[in-house]
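Asker: Before we start, here is the structure in question, set down as structure tokens.
FYI, it's all coordinate maths here, none of it is from the lab. Just so you know, these numbers come straight off a predicted model, no measurement behind them. FYI the Cβ positions are ideal-geometry reconstructions off the backbone, even for glycines, and counts take in every protein chain you see.
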Amino acid sequence: MPRPIIIDTDPGTDDAVAILLALAAPEVEVMGLVAVAGNLPLAMTERNARSVLELAGRPEIPVYAGCPRPMSPGLVAAVHVHGEGGLGQLELPPPRAVLARGHGVDFLIETLREAAPRSVKVCVLGPLTNIATALVKAPEIAGRMAELVVMGGASYALGNTTPAAEFNMHADPFAAALVFDSSAPITMIPLDLTHQVLSTPERIERVRALGNRCGEAAAMLMEPPPARRGRGRRPTYALHDPCVIAYLLAPELFEGGEVNVAIETQSPLTLGMTVVDWRGISGRRPNARVMTRIDADGFYTLLTERLAGLP
Ligand code: RIB
Ligand code: CA
């Protein structure tokens with residue numbers, strides 16, 4: 001019986017690969033995508049989400065627009081990483097499927113209220129604005145999720161948006177702090193782990209050699225951003241968001257532990273930093289499972305094999 005999942009996302013190149021991986025997995029049933037402002041403005045992330053579903057031949061899956069801006073001041077974007085269109089070198093035709101009616105936050109709440117308790121897993125691939133807003137509106141959903149798997153943060157790794165903070169956490173630190181204080185069953189996939197899954201030219205070529213349109217598209221999405229090229233060393237790109245889906249499909253590839261994670265929301269210097277208390281010094285209760293290691297070759301074997309099953 002496939003596990004129902006909801007993907008909250010800001011596509012974004014790595015988000016798009018994560019969505020393709022989920023669509024290629026019979027173990028999960030994608031109940032809907034909820035777009036959020038993050039890598040790009042909401043109008044682009046929701047359009048890209050619809051376009052990726054169409055590319056994979058799954059236009060019937062609903063895409064909802066969530067929050068157009070973070071709870072916290074200021075909206076950062078990552079056009080330099082994902083390109084003007086948000087999908088790197090990949091250009092997809094405008095989607096024919098229309099945006100689902102209703103707000104994405106209400107879709108999250110209603111789906112979790114109507115589903116059997118702890119049956120639905122929620123995957124967050126962008127800033128935590130939507131899930132935080134849903135928790136404000138309906139706090140009880142924290143206890144109704146089977147798991148909340150979040151790509152974001154850093155443990156021992158430095159930030160990728162500031163020296164201290166990873167993009168998804170930095171883009172909406174107040175939302176992140178609210179979610180990590182909510183008692184939702186969080187699994188965090190931080191940069192420490194995602195930086196272990198670099199899309200090298202060999203790995204990209206194996207995906208491109210699949211010969212299907214989704215393999216060709218994924219290979220383009222896996223290419224390092226232009227800003228990373230020409231720096232001498234061989235450019236690579238960490239496939240952050242697909243790690244969330246891979247964790248659902250093959251948890252045996254991952255290692256981590258229960259720990260307290262707190263989010264910096266005050267200091268301009270470290271705004272959005274995830275403070276991971278591995279030694280229990282703070283006395284704060286563990287509130288997340290933080291994954292720190294992945295079998296990178298096993299990840300790419302899984303990704304490549306699964307993408308082969310798409311159109
Ligand atoms: O820091 C990486 C995360 O920020 C990924 O989710 C990427 O898509 C961006 O949203
Ligand atoms: Ca993302």
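Asker: So what is the relative contact order for the chain, in percent, with contacts set as C-alpha pairs under 8 Å and at least six apart?
Answerer: Numbers: 733 pairs, mean separation 62.0, N = 311.
Here the relative contact order equals 20 percent.
Asker: Rounded, prolate or oblate, given the Cα gyration tensor of the stretch 84-168, with a/c below 1.5 counting as rounded? Numbers along the way, then the final one.
Answerer: On the way: a/c = 2.35, a/b = 1.15, b/c = 2.03.
Oblate, since a/c reaches 1.5 and b/c is not below a/b.
Asker: Whole-Hz Karplus ³J(HN,Hα) for the stretch 257-273, in order, using 6.51 cos²θ - 1.76 cosθ + 1.60 and θ = phi - 60°, x for Gly and Pro?
Answerer: For the stretch 257-273, the Karplus curve yields x, 7, 6, 8, 10, 10, 10, 6, 10, 10, 7, x, 6, 10, 3, x, 5 Hz.
Asker: Separate question: How would you classify the stretch 184-227 from its alpha-carbon gyration tensor, with a ≥ b ≥ c the square roots of the eigenvalues: rounded for a/c under 1.5, else prolate if a/b is greater than b/c, otherwise oblate?
Answerer: Details: a/c = 2.60, a/b = 1.82, b/c = 1.43.
Because a/c hits 1.5 or more and a/b exceeds b/c, the stretch 184-227 counts as prolate.
Asker: Let me ask something additional. Looking at the chain, what % of its DSSP beta bridges pair antiparallel, to the nearest 5? Don't jump to the answer; show the numbers that get you there.
Answerer: On the way: 11 of 38 bridges.
Within the chain, antiparallel bridges account for around 30 percent of the total.
Asker: Here's a follow-up. Can you tell me the relative contact order of the stretch 30-122? Whole percent, Cα pairs under 8 Å, sequence separation 6 or more.
Answerer: On the way: 125 pairs, mean separation 31.3, N = 93.
About 34 percent, as a whole number.
Asker: Moving on. Give me the percent relative contact order of the stretch 1-72, please, defined on Cα pairs under 8 angstrom at least 6 residues apart. Mind dumping the intermediate values first?
Answerer: Working: 127 pairs, mean separation 25.2, N = 72.
Computed over the stretch 1-72, the figure is 35 percent.
Asker: Taking 2.2 N^0.38 Å as the expected size of a compact globular protein, what ratio does the Cα radius of gyration of the stretch 81-236 give against it, to two decimals?
Answerer: On the way: Rg = 18.2 Å, N = 156, 2.2 N^0.38 = 15.0 Å.
It is 1.21.
Asker: What does the convex hull of the alpha-carbon atoms of the stretch 4-139 project to on average, in nm²? Walk me through the numbers on the way to the answer.
Answerer: Details: hull surface 31.7 nm².
It is 7.9 nm².
Asker: Regarding the stretch 127-217, what are the three Cα extents along the principal axes, ordered largest first, in Å?
Answerer: For the stretch 127-217, the Cα extents along the three principal axes come out at 46, 32, 18 Å.
Asker: Distance between Cα centroids, the stretch 152-176 to the stretch 31-62: provide it in whole Å.
Answerer: With the stretch 152-176 and the stretch 31-62 each reduced to a Cα centre, they are spaced 24 Å.
Asker: If you don't mind, another one. Kyte-Doolittle cut-off -1.0, length cut-off 18 Å along the helix's own axis using Cα: show which whole DSSP H helices in the chain pass.
Answerer: Working: long enough: 42-55 (19 Å, 0.01).
Span-like helices in the chain: 42-55.
Asker: Right, something else. May I have the extent of the alpha carbons of the chain along their three principal axes, as whole Å values ordered from largest to smallest?
Answerer: 52, 47, 37
Asker: Please report the net charge: other residues with Cβ closer than 12 Å to the Cβ of Asp14, K and R +1, D and E -1. It would help to have the intermediate numbers written out before the result.
Answerer: On the way: positive: none; negative: Asp10, Asp15, Glu223, Asp241.
Here the count lands on -4.
Asker: Also, I was wondering about something else. Step through the residues of the stretch 162-171 one at a time and calculate ³J(HN,Hα) from phi using the Karplus curve (6.51 cos²θ - 1.76 cosθ + 1.60, θ = phi - 60°), rounding each to whole Hz and writing x for Gly and Pro.
Answerer: My calculation for the stretch 162-171 gives 10, x, 9, 10, 7, 4, 4, 6, 5, 5 Hz in order.
Asker: Based solely on its DSSP helices, what 222 nm [θ] is calculated for the chain when runs of n ≥ 4 H residues each add -39,500 (n - 2.57) and the sum is averaged over all residues, nearest 500 deg cm²/dmol?
Answerer: On the way: 12 runs with 103 residues, N = 311.
One gets -9000 deg cm²/dmol as the mean residue ellipticity at 222 nm.
Asker: May I pose another question? Give the Debye-formula value of log10 I(q)/I(0) at each listed q (0.16, 0.17, 0.19 Å⁻¹), with one equal scatterer per alpha carbon of the stretch 268-311, two decimals each.
Answerer: -0.70, -0.72, -0.76
Asker: Test of understanding: express the Cα radius of gyration of the stretch 1-75 as a ratio to 2.2 N^0.38 Å, with N the residue count.
Answerer: Details: Rg = 12.3 Å, N = 75, 2.2 N^0.38 = 11.3 Å.
That works out to 1.09 for the stretch 1-75.
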